[in-house]
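The values are calculated or read from the model by the stated rules, or taken from the named source; none is laboratory data. Since the structure is predicted, the reported quantities are computational estimates derived from the model, not experimental observations. Every residue, glycine as well, gets a Cβ built from its backbone with ideal geometry; the counts of neighbours run over all protein chains shown.
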There are 2 protein chains.
Amino acid sequence: MPVSETVKNALSSSSMIRKMFEEGAALKKTHGIENVFDFSLGNPDLEPPVSFKETLKKLVFEDAPGSHGYMPNAGFNEVREAAARKVSRDHKVEIGADGVIMSVGAAGALNSVLKAILNPDDEVIVAKPFFMEYRPYALNHGGRLVEVASAPDFNLDVEAVKAALSLKTAAVLINSPNNPTGRVYPAKTIAELSRVLLEHGEACGRFPYLIADEPYREIVYGGVSVPPILSAYPHSIAATSFSKSLSLPGERIGYIAVSPKACDRENLLAGIIYATRTLGFVNAPALMQRCVAAVMDEKADVSVYEKRRDAFKKTLSDSSLDFVEPEGAFYIFARVPSKNGATGDDAAFSAHLKKHLILGVPGSSFGAKGWIRFAYCVSEKTILNSADAFKKAVSSFLP
Amino acid sequence: MPVSETVKNALSSSSMIRKMFEEGAALKKTHGIENVFDFSLGNPDLEPPVSFKETLKKLVFEDAPGSHGYMPNAGFNEVREAAARKVSRDHKVEIGADGVIMSVGAAGALNSVLKAILNPDDEVIVAKPFFMEYRPYALNHGGRLVEVASAPDFNLDVEAVKAALSLKTAAVLINSPNNPTGRVYPAKTIAELSRVLLEHGEACGRFPYLIADEPYREIVYGGVSVPPILSAYPHSIAATSFSKSLSLPGERIGYIAVSPKACDRENLLAGIIYATRTLGFVNAPALMQRCVAAVMDEKADVSVYEKRRDAFKKTLSDSSLDFVEPEGAFYIFARVPSKNGATGDDAAFSAHLKKHLILGVPGSSFGAKGWIRFAYCVSEKTILNSADAFKKAVSSFLP
């Protein structure tokens, strides 16, 4: 029995999605890449901004001695300073370089944070639907997810979070703008959440950390803005990456920011740095650290995503599919058609769409049966061209 | 109690070394950087080879679309192919791209491998002295280290490994050229180890994996060569990085190679890829992957390290310190002076050297009391200039 039991089980349960990707590749081979409408993956097709590319060239040509060498595990100090300035603005809080730790993307950030805070069997509360990788992230470090329902409009249901709190609650993990729904939690909801967490902490003596996973903070539409977290609740931690805002998902660069008022702040920061080192990240990649520091305030051209979003909304409306109004990120979450208000069969619908060469991820993969996620970080042409296929697929789904 | 108990304990036990680094920085501030002989860190001071830098410039200027985007979690296929060609030569085995997984350095590689294979309370055998990070790496994934003694000359003691084998043994982890001793395990030793592991597996039904952590494979002196591992034992895995051979420790780029004959090979590879994804590495950094692929066979100028090694050997000999003949890596492991053959006090000796502005890491940090490690990835001048300080320090250590 050479492979670990946990990993073996995980492999068999995650094989469904891998199978979908493989089938997608096979479909493209058979039908031609332009005839397959692949909305399955959150891999931004936009190129990084010109300023990023120019900075990268400049740094590579300057070729400063030691620029590919070790630095402190938390990152170059000047890079942490630049990130601290941004996070101070985003979160309406005063934070210095010592409150920021550069990370190997948001996935690395979340693993380092969870390793630092989880005791065996500790719980992390998440609202369904959620990014499916959170489950292994918590299990990696001896914790487990406690899944609560969202409000019907997919806003955070603070009462549901409250009902799930216990002495075992190490953290509440939120993701806004949300993958897969595209919802942005409003400031009022965050304030309510903060009040509930503070009351819980005062009553039982353990204040849960609030972890905000926010790689999509920059990608919002129509005047929506993502409210600050670090100033809204003292024991809060933001984890983010430049994967989506600068279209750099392959480079694995992000950061962690800890509220200045967080409980046990010094140990928490030292613990996250220790976790970054010993989980094998060691440090965020050196060249990319320096590169993002110079373009900290750049972002993807959100107007491009907004046009695609609008095209996708029209495509879905025209084919009579209901969906959640997408306020941010680049996902649209649609309700699977069903009879008499029953929960739709998302696996069957996904399979049916595939026959029409449309690829989307069943909501069950995010803990939301009866829904399906489409990623619109693809060309507008692909979205527009899919309109007929959507109409045919939806009209022929229910007998 | 917000920070995890395990991490809190680890922070207090690792504070000794952090304290040493901080004291070193303080010493440099007080006495001037050129008057402090800092042999504490394995951070190569050589610049990456010119071919690496030229390739990096070329790739950045070509600016291929999608070059900072996602690729399969195991890495770009052409990069895996290039690494497979190198590993096939190094390990005298035929291995294809599917047998290689690109990693976030060797530290990321080892964590991914250990997560993939360890069941709760499984054991990983290591020979003392060893790189101190192995302990948290095993603990991260529910396993634990079983530490065995080395031979008196710091070669691997295969009988000691044999005595430690049990049904709980998931892996034997070797590191050759060794940090901290500089020893290279000869082919004969590897063959004996292979025989012992095969006999054990045949007898009990569980074949331990042999994990070779070999970031120093390219850095060897005087005609010594590092024997192949993947062809010597079927259930073997090599983990390596370009940190030392190309002086890129800040960029976190390496790879894992699995023997074609490894037990449960397909699940093992899928499990390591799953671990790479879910531990939060996701993939090795994109630009660096493509860069190392083009200079796979380049290496640091070993002759520079060899000159430093020779200078350090002379420095230690002149000050009457015994040491292990360093065959590879850039560490020299010296015996702490003592009376009547007793085990020397390495903490006291390290503190005493510090008074003479010499920094080295006590052997206890590697599981070897009575020894001290000096890293010679510093300028030859620093080594030569330290000669007088060494003489004075050694002659005044024992009363």
| message | Could you tell me how many of the residues in the stretch B:229-255 are within 24 Å of B:P186 (Cα to Cα) and over 14 Å from the mean Cα position of the chain (by Cα)? | response | 9
| Taking the stretch B:20-55 as the search range and keeping residues that are more than 24 Å from the chain's Cα centre (by Cα) and closer than 27 Å to B:G328 by Cβ, which one is farthest from the other protein chains (Cβ to nearest Cβ)? | B:V36
| remark: Looking across the stretch A:235-268 at residues that are touching a His at 6+ places or on another chain (Cβ under 6 Å) and assigned to a loop (DSSP other than H, G, I, E, B), the single one that is farthest from A:V295 (Cα to Cα) is A:C263
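For the condition small (G, A, S), in a helix (DSSP H, G or I) and in the same structural domain as A:G99 (by TED's automatic domain parsing), what is the one hit in A:A25, A:A84?
Working: A:A25 fails: in the same structural domain as A:G99 (by TED's automatic domain parsing).
After applying the criteria, what remains is A:A84.
Which members of the stretch B:365-381 meet the condition of being of a type outside the set (F, W, Y), buried (at least 19 other Cβ atoms within 10 Å of the Cβ) and in a helix (DSSP H, G or I)? Before the answer, list the steps.
Filtering the stretch B:365-381 down to residues of a type outside the set (F, W, Y) leaves B:365, B:367-370, B:372-373, B:375, B:377-381.
Keeping just the survivors that are buried (at least 19 other Cβ atoms within 10 Å of the Cβ) gives B:365, B:367-368, B:372-373, B:375, B:377-378.
Once the filter is applied, which keeps residues that are of a type outside the set (F, W, Y), buried (at least 19 other Cβ atoms within 10 Å of the Cβ) and in a helix (DSSP H, G or I), the stretch B:365-381 yields only B:S365.
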| remark: For the stretch A:69-82, pairs from a residue that is in contact (Cβ under 8 Å) with a residue 12 or more places away in the chain to a residue that is assigned to a loop (DSSP other than H, G, I, E, B), with Cβ under 6 Å and 6 or more apart or across chains, are A:G69/B:N43; A:Y70/B:N43; A:N73/A:N283; A:G75/A:A284; A:A82/A:M296
| query | Are there any pairs with C-beta distances below 7 angstrom linking a residue in the stretch B:205-228 that is assigned by TED's automatic domain parsing to the domain that holds B:A191 and under 19 Å from B:F242 (Cβ atoms) to a residue that is outside any strand (DSSP E or B) and among the basic types (K, R), with the two at least 6 apart or on different chains, and if so which? | reply | B:P215/B:K244; B:Y216/B:K244; B:E218/B:K299; B:I219/B:K244; B:V226/B:R217
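Given the criteria more than 22 Å from B:P180 (Cβ to Cβ) and small (G, A, S), does B:S396 qualify?
For B:S396, the condition - more than 22 Å from B:P180 (Cβ to Cβ) and small (G, A, S) - is met.
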| message | Can you say whether A:L359 is of a type in the set (A, V, I, L, M, F, W, C), in the same structural domain as A:L27 (by TED's automatic domain parsing), in contact with a strand residue (DSSP E or B) (Cβ under 6 Å, 6 or more places away or on another chain) and within 20 Å of A:V324 (Cβ to Cβ), as far as the supplied structure shows? | response | yes
| message | So A:F323 ticks every box in (1) free of Cβ contacts under 8 Å to residues at least 60 places away in the same chain; (2) touching a Gly at 6+ places or on another chain (Cβ under 6 Å) but one. Which box is left unticked? | response | (2)
| Residues in the stretch B:250-278 that are out of contact with any Pro (no Cβ under 7 Å at 6 or more places or on another chain) and not small (G, A, S): how many? | 13
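Do we find that B:S317 is of a type in the set (G, A, S), under 27 Å from B:A151 (Cα atoms) and modelled with pLDDT of 95 or more in this structure? First the steps, then the outcome.
Numbers: of a type in the set (G, A, S): yes; under 27 Å from B:A151 (Cα atoms): yes; modelled with pLDDT of 95 or more: yes.
It is true that B:S317 is of a type in the set (G, A, S), under 27 Å from B:A151 (Cα atoms) and modelled with pLDDT of 95 or more.
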| note | Within the stretch A:246-266, the residues that are within 16 Å of A:A171 (Cα to Cα) and facing chain B (nearest Cβ under 10 Å) are A:A262, A:C263, A:D264, A:R265
| Qualifying positions in the stretch B:91-121 - in contact with a strand residue (DSSP E or B) (Cβ under 8 Å, 6 or more places away or on another chain), more than 8 Å from chain A (Cβ to nearest Cβ) and on the phi < 0 side of the Ramachandran plot | B:H91, B:I95, B:G99, B:V100, B:I101, B:M102, B:S103, B:A106, B:V113, B:L114
| field | A:L59 being within 22 Å of the chain's Cα centre (by Cα), within 14 Å of chain B (Cβ to nearest Cβ) and either surrounded by fewer than 19 Cβ atoms within 10 Å (Cβ to Cβ) or under 15 Å from A:Q289 (Cβ atoms) (or both) | value | no
| said: Can you go through B:L230, B:L197 and tell me which one is in contact with a strand residue (DSSP E or B) (Cβ under 8 Å, 6 or more places away or on another chain) and assigned to a helix (DSSP H, G or I)? | reply: B:L197
| field | Unmet requirement for A:F52, which otherwise passes all of (1) touching a Cys at 6+ places or on another chain (Cβ under 8 Å); (2) assigned to a loop (DSSP other than H, G, I, E, B); (3) of a type in the set (A, V, I, L, M, F, W, C); (4) under 23 Å from A:F281 (Cβ atoms) | value | (2)
| note | Given (1) within 30 Å of B:L114 (Cα to Cα); (2) within 11 Å of chain B (Cβ to nearest Cβ), A:P65 misses just (1)
| said: Looking at the stretch A:347-356, can you tell me whether even one residue there is assigned by TED's automatic domain parsing to the domain that holds A:G42, touching a residue at least 24 places away in the same chain (Cβ under 8 Å) and either in a loop (DSSP other than H, G, I, E, B) or closer than 13 Å to A:Y376 by Cβ (or both)? | reply: yes
| said: Quick test of your reading of the structure: B:G344 fulfils all but one of (1) surrounded by 16 or more Cβ atoms within 10 Å (Cβ to Cβ); (2) not in a loop (DSSP other than H, G, I, E, B); (3) not β-branched (V, I, T). Name the failing condition by number. | reply: (2)
| Within the group B:L41, B:L59, B:L46, which residue is in a helix (DSSP H, G or I) and touching a residue at least 24 places away in the same chain (Cβ under 8 Å)? | B:L59
| Does A:S320 fit the bill of being on the phi > 0 side of the Ramachandran plot and either aromatic (F, W, Y) or surrounded by fewer than 18 Cβ atoms within 10 Å (Cβ to Cβ) (or both)? | yes
| From B:A284, B:A238, B:A294, B:A311, residue being among the small types (G, A, S), surrounded by fewer than 21 Cβ atoms within 10 Å (Cβ to Cβ) and either touching a Phe, Trp or Tyr at 6+ places or on another chain (Cβ under 7 Å) or under 19 Å from B:A82 (Cα atoms) (or both) | B:A294
| said: Here's a check for you: in the stretch B:267-306, which residue that is more than 8 Å from chain A (Cβ to nearest Cβ) and among the β-branched types (V, I, T) is nearest to the chain's Cα centre (by Cα)? | reply: B:V302
